[in-house]
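For reference, the structure discussed in these notes is given below.
What follows draws every value from the coordinates through simple rules; no lab data is involved. Remember, it's a predicted structure, so these values are computed and weren't measured experimentally. Because the Cβ atoms are built from the backbone with ideal geometry, glycine has one as well, and the counts that use them run over all protein chains shown.
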Amino acid sequence: MIKLSSLNIANRNLVIRVDMNVPIKEGDVQDLTRIKACLPTINYALDHGAKILLVSHLGRPTEGTYEEIFSLKPVAKAASEIFGQGVEVIESIDDPAIFHGNSSIQLLENIRFFDGEKANTEELGDKLGNLGDLYVFDAFGTSHREQASTHSSIIQANAACSGILLEQEIDALTKALNNTQKPYTAIIGGAKVSTKLELIKNINSKADHVIVGGGIANTFIKAAGYEVGQSLIEESMVGIARELLDKGKIILPEKVITSETFEGKNISEKNISDVGINEMILDQLVSQKIKDIVLSSKTILWNGPLGVFENDFFSKGTEELSKEIAKSEGFSIAGGGETLSAINKFINKDDVSYCSTGGGAFLEFMEGKDLPSIQALKAKTQR
Ligand code: AMP
């Protein structure tokens with residue numbers, strides 16, 4: 001892949017595809033993580049005398065129409081404060097002010113307002129890819145999508161390269177995928193086995209231990225022959241869960257927190273063998289065995305909570321686990337929206353070696369898939 005640092009970008013116009021898809025409430029950005037993650041590439045480009053037009057998507061607007069609630073204006077405001085200089089919003093891709101405004105950083109309105117983004121058209125790809133002198137792809141979080149700004153633009157651009165965040169993500173994730181130091185422990189929690197089946201299968205072939213959590217654990221608990229009452233499980237996944245259990249790496253919880261309702265009616269702590277037919281497993285305790293495994297691991301991969309952690313009644317397992325990961329001296333890597341919000345809630349983000357900005361892209365990368373944007377970048381040759 002051609003790296004930004006290998007190119008001369010002085011006085012060049014750079015179109016940088018970033019992922020600034022952030023939560024916004026009443027015009028205010030609620031979480032700045034993804035904007036801050038763009039800083040290394042932006043600072044590098046400015047320090048080397050380039051001008052920047054940022055491109056990002058936000059939410060899921062109807063393509064071809066401007067919708068105020070999906071406008072990137074609040075993002076530009078937050079970004080101006082983080083970057084320490086004005087970020088000018090550009091509404092039209094044909095605006096002659098592009099690269100000729102007063103500001104060294106401009107931000108194109110939500111790329112999903114533009115026809116052709118979703119369909120990955122050659123036309124929009126060509127326009128975006130060649131709007132400046134160089135197309136820099138730095139949006140790891142959308143690198144699993146084949147859209148005009150994430151795929152066609154890279155193919156159509158006369159010159160395209162990877163940004164610094166993308167390189168960091170690929171380096172860190174590859175470490176947990178291929179160059180793992182052992183013992184290697186994966187923790188896979190969350191709601192459903194089906195959404196993470198490929199990940200579980202791939203990791204199960206590489207890791208020494210796979211700790212399951214949340215609704216995913218419930219399906220494995222059922223596969224192991226226990227009563228799960230009214231818990232969230234996936235009946236269609238019980239067979240495959242049984243096959244995975246037979247491989248001997250999956251670690252089930254020993255004690256769980258049950259309740260008759262999500263509101264916490266009759267909460268109780270139970271052995272997994274004692275769950276009643278009217279109960280739901282909504283959290284799990286982190287056993288001594290799991291603590292020992294996490295603390296002695298050299299590589300830890302974490303995706304997905306151990307329980308319904310958004311609700312304080314059922315957040316104990318996820319909190320305990322995040323604290324164990326924070327204590328561990330191994331290389332820890334976490335990804336996924338829910339996982340990062342748990343980290344922000346319970347521990348200091350710096351106590352995890354690497355937090356990926358990707359959700360779907362993180363999962364697909366860790367499944368061992370070739371992501372479309374990365375594939376397109378690899379096919380580019382230096383001119
Ligand atoms: P995911 O997006 O697959 O990582 O799933 C995260 C969601 O799973 C969170 O919103 C949790 O509330 C939910 N979850 C975790 N544990 C359970 C459980 N035992 N029962 C139902 N939902 C759960």
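Data table
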quantity	calculated
Segment 268-286: number of residues that are in a loop (DSSP other than H, G, I, E, B), over 21 Å from Glu310 (Cα atoms) and away from the ligand (no atom under 12 Å from the Cβ)	3
Segment 301-354, residues that are in a loop (DSSP other than H, G, I, E, B) and more than 14 Å from the ligand (Cβ to nearest atom)	Ser328, Glu329, Gly330, Ile347, Asn348, Val352, Ser353
Residue that is more than 14 Å from the ligand (Cβ to nearest atom) and part of a loop (DSSP other than H, G, I, E, B), where the choices are Lys265, Lys291	Lys265
